[in-house]
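Here is the structure we will look at, set down as structure tokens.
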Amino acid sequence: MILENISYVEQKIRMACQRAGRKREEITLIAVSKTKPVSLIQEALSVGITDFGENKVQEILEKKKVLDANIKWHMIGHLQRNKVKSIIDSVSLIHSVDSIRLAQKIDEEAKKQHKIQDILVEVNIALEESKDGFQKKDIFSFIQDASELDNIRIRGLMTVAPIVENPEENRCYFRELKKLMVDMKSKNIDNVTMDVLSMGMTGDYEVAIEEGATMVRVGTGIFGQRDYGQK
Ligand SMILES: *Cc1c(COP(=O)(O)O)cnc(C)c1O
């Protein structure tokens, strides 16, 4: 089941790359394993998935303990400052940086652990009230401030696009985020590489790839529906 899902998603990614004239290697598929058991992650690992996304600190720590140490864990959910300390050691990329205070905390803890932590800046590109993330107009000033923190490296931007029936409705937002990234990259700020664009989920990853995503975060499309009822 999972294996079939992965090969389906993989095929869709390749086709989107073809349409956009991009190479498959430009895109990292992150399997979003939140709420899903270790056994399913192992299945995904067995067919070459190396990157997994979670939205809870505790869940990353528990799964990491029992799984292959080479897995790259991605923190994609809202991160509280008091939880930063416990995951600096465990995550390869924090996608969800949404305030300067959080960035400062990550920098501080990374420094203690002699690490440079890669982060993405979360952008609320569609200005949805329910969503975390910076508004587009505040990005430049945040990046300028955060670039002074020596133990974080700003790799790029991330967004959670609106839930829509037709993925085409999100194309404009993906395009806007890509433009924002190119614009920020052109400013050549220290500690800011702007080479990662994390956008696209089960419903819209193909459109996101066509518009320049370098990381797509696919949960349901790989692991099936999530059941929050029993948790
Ligand atoms: C849950 C989640 C995903 C995956 O969503 P699906 O629609 O199941 O693919 C992607 N990104 C974030 C930030 C999430 O919280």
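Taking the protein heavy atoms of segment 15-142 in the context of the full set of protein chains, the accessible area attributed to carbon and sulfur is 48 percent at 1.4 Å.
Looking at the chain, the accessible area is 50 square angstrom per residue; that uses a 1.4 Å probe and ignores ligands, DNA and RNA.
Report the extension gain between HIS78 and LYS115 in nm, rounded to one decimal, defined as 0.36 nm multiplied by the number of residues separating them, less their alpha carbon distance.
The HIS78-LYS115 span can extend by a further 11.2 nm.
Spin-label model, ASP132 to ARG175: label points 7 Å out along the Cα-to-beta-carbon direction sit 3.0 nm apart. The magnitude of the dipole of segment 1-140, with charges of +1 and -1 set on the Cβ of Lys/Arg and Asp/Glu and taken from the Cα centre, is near 160 debye.
Of the residues SER141, SER90, SER130, the one with the largest accessible area comes first in the ranking SER130, SER141, SER90, computed with a 1.4 Å probe on protein heavy atoms. Calculated mean residue ellipticity, 222 nm, the chain: -11000 deg cm²/dmol, from DSSP H runs (n ≥ 4) at -39500 (n - 2.57) each, averaged per residue and rounded to 500. With a Förster radius of 35 Å applied to the beta-carbon distance between PHE140 and GLN42, the computed FRET efficiency rounds to 0.25.
For LYS34, LYS137, the ranking by accessible surface with the largest value first comes to LYS137, LYS34, using a 1.4 Å probe.
Ignoring lysines fewer than eight residues from LYS112 along the same chain, the ones with Cα atoms less than 25 angstrom from its Cα are LYS56, LYS63, LYS64, LYS65, LYS72, LYS83, LYS85.
The values are calculated or read from the model by the stated rules, or taken from the named source; none is laboratory data. All of these numbers come straight from a predicted model, not from anything done at the bench. Quick reminder, even Gly has a Cβ in these numbers, built from the backbone with ideal geometry, and neighbours come from all protein chains shown. Please note that ligands, DNA and RNA were not included when accessible areas were found on the heavy atoms of the full protein model with its side chains. Shrake-Rupley method; radii C 1.70, N 1.55, O 1.52, S 1.80 Å.
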